[in-house]
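A.B. asks: One structure coming up, written as structure tokens, with questions to follow.
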Amino acid sequence: MRSVKRRTSEILTAIPRDLQRRFSSSWLSSDVQLVDVNKSSHLISTRFESLDYDVAENELYTKEADQRDSDVYFRMRVSLARWFVMFLIGVLTALIAFAIDTGVANLSNLKFSIVSYFMDKAVDNGGLCVPLLIWVTFGAGMVLVASVLVAFLEPVAAGSGIPQIKCYLNGVKIPRVVRIQTLFCKAVGVMFSVAGGLAVGKEGPMIHSGAVVAAGISQGASKSFNWDFKLFEYFRHDNEKRDFVSGGAAAGVAAAFGSPVGGVLFSLEEGASFWNQALTWRVLFSAMVSGFTLNFALSWYHGHFGELSYTGLVNFGVFSGQPYNWYELPIFCIMGAFGGLLGALFNAINYRITIFRVKFVHRPIIKVLEAMVVAIVSCAMCFLLIYSSDLCSADDAILTAEDDSSVLQLFCNDGEFNVMSTLTFVTPETAVKCLFHAPLGSFNIPLLVLFSSIYYILACWTYGLSVPSGLFIPSLLIGAAWGRSVGIFLGHLFGVEVWVDCGKYALIGAAANLGGVVRMTISLTVILMEATGNVTFGLPLMLVLMTAKFVGDVFNEGIYDMHIHLMSVPILGWEAPHLAHQVKAVQVMNSPVKTLKPIEKVDVIYTLLNDPKSCHNGYPVVDEVTGQLRGLILRDHLLILMQRNIFREFADDGNHSQLRLRHLRDAYPRFPTISDIPTSILGQGFSIDLTSYMNPAPYIVSDQSSLTKIFTLFRALGLRHLCVMSNGNQVIGMVTRKDLARFKSKTHKSSTQIYELSYVRN
Ligand code: ATP
Ligand code: MG
């Protein structure tokens, strides 16, 4: 292993200039500079800052904590506020889901009714060009709205948002990800991209929407709009905000799939390091409220006020038949393995498409054009599939009553309809439901395989476009189609009496395909169980998802992780890399350390913060005489101290000379920058007493601590800084969360190596 001791500035400049290319991606703003994408997975971007989940227990904080802990009413108020915020998050997330759902339904109905009117007319007249043109124009027009919102207004609203929320819960700040503008573009955009006929779902974006709602409500303020309702000020800290974002993500899952427990598990699976019992309660509460509110609103909307029969945006219907036989389990596992293979191929193709996009599709206008091309091709393909299929049926049971308007008669006899249109002329959610519940004999193998292959290509091409788009439903749909054909095949092979329920195979195929693409296991098992309302499928679903993950992981990583790594986000894995125990703190840390004195000159602080070489986010405060560590002060707090002139020289000025927690909370999360500090405070001999504002007990490790130990500390406590101490108890180095994210291990021909990723400044 090569020596890992280095200086950040050296690494930054060591990246060859020619590696730095114009980079813009689906979820980064277009002015982002990144590296050659072929190498970008070997780099860590300095653009993404870390979140700080460690509470600085300084004098201000302890004073308030004393008051809170000794005053029962204060304590109750804060606790009630926490529950109330979770309640609001649930309600609002559900209302957004409701708006999206009804928006998609109305837009789709409008499109389908106009197209089917022209289609029926055209069949009589013999030419299908007009309906095709109308269909494509509708699709392209709607996708135009979605892509303009994303490409021009808020690039971070593209895609499902799940990778971004994963990063956030992991401790990485993705710029603009939890802003109101992002929520607006996401919610409106997803309505148009789904209704436009792209191979996308609205469920993934709901998770992102829930997270934005949570981040906004819990702060009782919007910095973008300069609103401050002076509400929930205690929650203005990364730590508290993260807890609410977990609640928001869970509420999003609950609204999307009618799966509150799946929502809790989703947040747990993605951010388990900070979990505790009280949080589980609140997150579950938020998810339950969200599920209930959506159910209530949708029941009312569909004319069944108070009945509560609409459990989520997507409703897979209840599997009523006989569950499964023990001898089917190996078949399910084989299907899981096949799903893993298909998922790995999907991710590999999407990786290449993403690289192409990174290289050639940067400008917003090109992104919009690309989205429109995909929309036109998607609509035309659906049309062609219907046109080329001659399978007709008169069996109404294929579709549920409320979806009947969406089928096409086309060239079928009166009273019959084109079966392919039940998959392509409806929203993807309805198509999944058809495949799960249509009676035996509704579809045949060639039709399903053709549909599944075309949809696979379309979904793969679509994910990563500049539109809000979820991947869950397209993946489920592809899997349900091939899964059902497996069921039909087995029926042919062993006799229909035994394998009568093809819907069951559609469900297993759907799970296998989705598991192969996203590689989530815990939450997905429960989400699918709750969405299908069938607990008996728990074990098969888990087996299938595990097999899919196991097989897929042999080839590549899950699609969300792949996109996270392509963006060079400094994300920490679940465990330290292999061989991390061989690396010691002294090799990881950055030294020499820039420190401050307990009473420090303003000029010194200003110069330190203003110099790119010494501008860090945290500085150890060290005793001038003994050299002992006294605490750690954050850059943001230093800036506020200087901005508010909290100088020792003004100490007699009463209240004005004191910094209050309120000041820090008011400034959170957008603290001033060094350019906001007037230079007039320099050269006047002012100094600041840092002792009241620093964290007097920062986390420390010995220089001989292993990387494994350091990693566990960072991961479990959500740290941002760690001071490395010498034998003589002096600070000799600093380790940040991002420093750790650079360590990876790889195994090649049975030998394992640990290596360091490089930084790229962008
Ligand atoms: P983030 O900015 O997300 O908190 P970072 O790793 O970029 O993470 P910075 O504070 O920007 O942290 O510092 C950049 C580098 O400088 C890191 O490698 C870190 O180890 C090192 N560093 C941080 N604080 C100090 C310090 N006070 N003295 C010397 N080096 C430091
Ligand atoms: Mg930094």
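A.B. asks: Counting only residues that are within 26 Å of I700 (Cβ to Cβ) and of a type outside the set (D, E, K, R), which one in the stretch 600-616 is nearest to ligand 1 (Cβ to nearest atom)?
C.D. replies: Taking the candidates together, the pick is H616.
A.B. asks: Which of (1) among the hydroxyl-bearing types (S, T, Y); (2) surrounded by fewer than 24 Cβ atoms within 10 Å (Cβ to Cβ); (3) at pLDDT below 90 is the odd one out, the single condition T422 does not satisfy?
C.D. replies: (2)
A.B. asks: Can you tell me how many residues within the stretch 341-365 are under 19 Å from A146 (Cα atoms) and open to solvent by 60 Å² or more (accessible area, probe 1.4 Å)?
C.D. replies: Total satisfying the criteria: 2.
A.B. asks: Of all residues being without any contact (Cβ under 8 Å) to a residue 40 or more places away in the chain and open to solvent by less than 20 Å² (accessible area, probe 1.4 Å) in the stretch 264-286, which is nearest to V432 (Cα to Cα)? Just the residue, please.
C.D. replies: That would be V264.
A.B. asks: Inside the stretch 76-104, can you point out the residues that are of a type in the set (G, A, S) and open to solvent by less than 40 Å² (accessible area, probe 1.4 Å)?
C.D. replies: Hits for the stretch 76-104 are A81, G90, A94, A97, G103.
A.B. asks: Considering (1) over 26 Å from the mean Cα position of the chain (by Cα); (2) surrounded by fewer than 15 Cβ atoms within 10 Å (Cβ to Cβ), say which one C382 fails and leave the rest.
C.D. replies: The single condition C382 does not satisfy is (2).
A.B. asks: Name the single residue that is farthest from ligand 1 (Cβ to nearest atom) among those in the stretch 746-757 being open to solvent by less than 50 Å² (accessible area, probe 1.4 Å) and either more than 25 Å from the chain's Cα centre (by Cα) or of a type in the set (V, I, T) (or both).
C.D. replies: Ranking the qualifying residues of the stretch 746-757, first place goes to I754.
A.B. asks: Further, regarding this structure: Among what's in the stretch 560-596 and is among the polar types (S, T, N, Q) and in a loop (DSSP other than H, G, I, E, B), pick the residue that is farthest from the chain's Cα centre (by Cα).
C.D. replies: Step by step, filter the stretch 560-596, then rank; the result is T595.
A.B. asks: Yes or no: the stretch 617-633 includes at least one residue that is within 13 Å of ligand 1 (Cβ to nearest atom), of a type in the set (F, W, Y) and either within 29 Å of F235 (Cα to Cα) or in a strand (DSSP E or B) (or both).
C.D. replies: Yes, some residue in the stretch 617-633 is within 13 Å of ligand 1 (Cβ to nearest atom), of a type in the set (F, W, Y) and either within 29 Å of F235 (Cα to Cα) or in a strand (DSSP E or B) (or both).
A.B. asks: Within the set of pairs 6+ apart or on separate chains, which have a first residue in the stretch 721-745 that is more than 14 Å from ligand 1 (Cβ to nearest atom), a second that is assigned to a strand (DSSP E or B) and aromatic (F, W, Y), and C-beta atoms under 9 Å apart?
C.D. replies: K744/Y755; S745/Y755
A.B. asks: Hey, any hits in the stretch 296-318 for a residue that's open to solvent by 50 Å² or more (accessible area, probe 1.4 Å), touching a Pro at 6+ places or on another chain (Cβ under 9 Å) and not assigned by TED's automatic domain parsing to the domain that holds L528?
C.D. replies: no
A.B. asks: What about I710, is it open to solvent by less than 30 Å² (accessible area, probe 1.4 Å) and of a type outside the set (S, T, N, Q)?
C.D. replies: yes
A.B. asks: Within the stretch 611-638, take every residue that is within 16 Å of ligand 2 (Cβ to nearest atom) and farther than 22 Å from T62 by Cβ and give me the one that is most open to solvent (accessible area, probe 1.4 Å).
C.D. replies: Among those that are within 16 Å of ligand 2 (Cβ to nearest atom) and farther than 22 Å from T62 by Cβ, it is K613.
A.B. asks: Taking the criterion of being of a type in the set (A, V, I, L, M, F, W, C), within 23 Å of L458 (Cα to Cα) and open to solvent by 20 Å² or more (accessible area, probe 1.4 Å), would at least one residue in the stretch 322-337 satisfy it?
C.D. replies: Taking every residue of the stretch 322-337 in turn, at least one turns out to be of a type in the set (A, V, I, L, M, F, W, C), within 23 Å of L458 (Cα to Cα) and open to solvent by 20 Å² or more (accessible area, probe 1.4 Å).
A.B. asks: Considering (1) crowded, with 21+ Cβ neighbours inside 10 Å; (2) touching a Leu at 6+ places or on another chain (Cβ under 9 Å), say which one D120 fails and leave the rest.
C.D. replies: With respect to (1) crowded, with 21+ Cβ neighbours inside 10 Å; (2) touching a Leu at 6+ places or on another chain (Cβ under 9 Å), D120 is out only on (1).
The values are calculated or read from the model by the stated rules, or taken from the named source; none is laboratory data. All values derive from a computational prediction rather than experimental measurement. When we count neighbours, we look across all protein chains shown, and the Cβ atoms used for this are built from the backbone with ideal geometry, even at glycine. Remember, those area values only see protein heavy atoms, side chains included, never the ligands or the DNA or RNA. Shrake-Rupley method; radii C 1.70, N 1.55, O 1.52, S 1.80 Å.
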